[in-house]
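Scroll down for the structure; my scribbles are underneath it.
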Amino acid sequence: MLTIAIVGAAGYGGGELIRLLARHPDVTIGAAVSSTYAGRPVWEGFPGMAGRVDLTYEPTAAPDRLAECDFVFLARDNGAAMRQAPDLVAAGCRVIDLSADFRFRDTAVYDAWYKGPHASPDLSAAAAYGLPELHREAIRTAAVVGNPGCYTTASILALAPLFAEGPAAPGVGGLVDSRTIVVDAKSGISGGGRAKYCQEFHFAEANESATAYKIAGTHRHTPEIEQEISRLAGAPLAITFTPHLVPMTRGILATCYAQLTSDVGRDDLLARYRSFYAGEPFVWVTDGLPSTKHTALSNMCHIGLGVDSRTGRVTVVSALDNLGKGQASQAIQNMNVMAGLPETKGLETCSMWP
């Protein structure tokens, strides 16, 4: 039985971790840390857990208390994990960080996009990027895993088969012109986090409205997508990434465009995608087009695509739950890999419908 702790357990990601891990057959939640709800039962922060989860929030993350845990999930703001993780690793804990602190192999990139300088560059360089479909073996032995962002997970999974050499096309790399990649993505309001009280996240502001924000290469998830696709492409590349806020609670829909470099049809690309993700329990390549509701409350990512023969462009659409495969349930998937458990353990939930 694994003992785990969740630091930042009253946010949306932390609450989703509690909801899922409370039902995980191989896990005991040893500590749920939140200064906001300190001393209060978890169900006061998440009323849906009343009568199902018997935990009380602890005010601080005492090092000796966390050192008793096998895994520590850090679900705090950017900048906190890089200061807390070294002591946890030294104490023998394995860390899964839900912030951006351990997502970049080059901390100079982190420093440029976040509040640098990075406090633990060596640990960051050794951390695994927590996308099991691409980094499973590194995750398996890592002391620290940087759990990807929600926009990035949807975008990378949508684009990866276009660049990666795989069984569908041995010896063949990219199928598209890397200079033409555009990612147009929509997020539910919960993607902003529970602690955001700025005006654009108020119901009256967001309802009946769709808003683009941080356009023209200014969104922090841009370099994260570029890092992973550049690794697959074998050369640095840049993308155009445009995020949107839409009036739904949860979900990510990423629509990705690129110019094909060869005369390849939709059926061939679908076959390539299905081969690339063969055996992956949480990626479903569909004949149709995915919707966010197809993946709500699950760890699934659904992917569909089309080819425009008039322009020679491919359009790939991916959908996932930003609090699931885009955050908390993917963190649990990483834990399962690290612990040598079946990857689907505790994550068998289907999406809700309607």
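Observations
- With Cα atoms, 0 to 90° folded angle of helix 328-339 axis to the chain main axis: 80
- Ellipticity estimate at 222 nm from DSSP helix runs (n ≥ 4, -39,500 (n - 2.57)) divided over the chain, nearest 500: -8500 deg cm²/dmol
- Using alpha-carbon coordinates, inclination of helix 132-141 to the longest axis of the chain, degrees: 40
- Under a Gaussian network description of the chain, with springs only between Cα atoms under 10 Å, the residue in Thr222, Thr261, Thr344 that fluctuates furthest is Thr261.
- Taking other residues whose beta carbon is less than 10 angstrom from the beta carbon of Arg52, and scoring Lys, Arg as +1 and Asp, Glu as -1, yields +1.
- Non-local Lys pairs in the chain, i.e. 8 or more apart or on different chains, that have alpha carbons under 30 Å apart: 17
- Hydrodynamic radius of the stretch 151-320 per Kirkwood, over alpha carbon pairs, in Å: 16.6
- Between the helical axis of 221-233 and the longest alpha-carbon principal axis of the chain there is an angle of about 60 degrees.
- Relative contact order of the stretch 151-320, defined on C-alpha pairs under 8 angstrom at six or more residues apart (%): 29
- When the P(r) of the stretch 74-148 is calculated, the portion above 20 Å amounts to 20% of the C-alpha pairs.
- When the chain is treated as a Gaussian network with alpha carbon springs shorter than 10 Å, the biggest mean-square fluctuation among Leu320, Leu157, Leu134 belongs to Leu134.
- Most mobile of Ala328, Ala158, Ala258 in a GNM of the chain (Cα contacts under 10 Å): Ala258
Throughout, read-outs are computed from the coordinates displayed, never taken from laboratory work. Since the structure is predicted, the reported quantities are computational estimates derived from the model, not experimental observations. All Cβ positions, glycine included, derive from the backbone under ideal geometry; neighbour counts span all protein chains shown.
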